[in-house]
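To start, the structure under review is shown below, and the notes come after it.
None of the figures in this text is laboratory data; all of them are computed from the coordinates on show. The structure displayed is predicted, hence computed values, not measured ones. Glycine gets a Cβ as well: all are built from the backbone with ideal geometry, and neighbour counts include every protein chain shown.
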Amino acid sequence: MKILVVDDNRLLATILADHLIARGHQAVAAFDGHLAEIFCDREDYDLVVMDMILPEVDGIDVLERLRKKRHKCHALVITGFPELREKETERLARLDVSAVLEKPFSFADVDAVVERFSA
Amino acid sequence: MIEQGGRIRYVHRINADGRISFVNDDWIAFATANGYRTSRAYQLGRALIDCIGDEETRHVYARLIERTCASSRAIRFVFRCDSPHSRRWMRMRMRHLRGSDEIEFASELLHEEPRATVALLRPPQASSTSERVLSMCSWCKSVLAERAWVEIEQAIIKLGLFSGNGMPRISHGICPGCKNRLLAGEGTS
């Protein structure tokens, strides 16, 4: 799968992308929402792993922009705010977010979601 | 009355469910003096987290409560508690009460200075709009402060989290120590 990992914590974005590469995927990391949008405009990704809270423009806002541009990639949202997940349930559903993982997660949690999309 | 060193202490406690289980008379008097129509009967049983206005502060308090439960040490920090007429600096002490499931929050006024009256201290907002970003490790809950990852109570002091106006936004990531542990555990380092 072609996967974009978006998280402003560079360490987390990088090790997650590295892990996905080690699992045989093509993965790249973007560290902010603007960069993520540029990446998606240039390339088609099968899956975007998107942090919910990002500086300047939030992850969900980026997903909204991507959907308006007819990007059809799967979306896996990651968040450290379980409360926000509940608050944004409706919006996440509207944006066709396929899965939400709460931080801290294990790589196995991510693998399980990715495998579901690969099938 | 709970008073120490000549300062009045405003005390409230929460139970294991995070609900207010005790407020002292001074706490009620302080709230009333600040324009809140409240009573002990109204406060008891309320979820503390519901009394906190913004997501970031709720999140930090939730982490502090976890830390307090996990430790026998008290956590102390200075915070701002302004009124429309004055700037106020207060000190909080959080501690897990021995032999019970309760956590006690005891605050006292350190310094107060008058200011021109402002009608509304903070406009209602869905989430923080601060430009500042606080990096928190989702794995160990430490916080990046001045290039070092420290416990949240240290970060509150170092970064003056509760001493200024508004909380920074919180960005959850991973610290280098947890990265190493995670990679070692996953066998992919």
Review point. Put a dot 7 Å past each Cα toward the Cβ at residue A:18 and residue B:41; how far apart are the dots in nm?
Key: 6.2
Check your understanding: Considering every residue in B:169-178, what mean count of other chain Cβ atoms within 10 Å of its Cβ is obtained?
Key -> 6
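What is the average number of partner chain Cβ atoms found within 10 Å of a Cβ in A:15-23?
Numbers: counts 8, 2, 0, 3, 4, 0, 0, 2, 1.
The mean count of partner-chain Cβ atoms within 10 Å per residue comes to 2.
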Point to revise | Ascending count of other beta-carbon atoms within 10 Å, so fewest first, for A:69, B:141, A:2 | key: A:69, A:2, B:141
Review point. With each label point set 7 Å from Cα along the Cα-Cβ vector, what nm distance links residue B:183 and residue A:90?
Key: 4.3
Exercise for review: Would you please give the FRET efficiency between residue B:17 and residue B:109, computed as 1/(1 + (r/R0)^6) with r the Cβ-Cβ distance and R0 = 30 Å, to the nearest 0.05?
Suggested key: 0.55
**Study point:** Label point distance in nm, residue B:49-residue A:111, each placed 7 Å from Cα along Cα→Cβ
**Key:** 3.1
Check your understanding: Excluding same-chain residues fewer than 8 positions from residue A:2, which lysines have a Cα within less than 23 Å of its Cα?
Key -> A:68, A:69, A:72, A:103
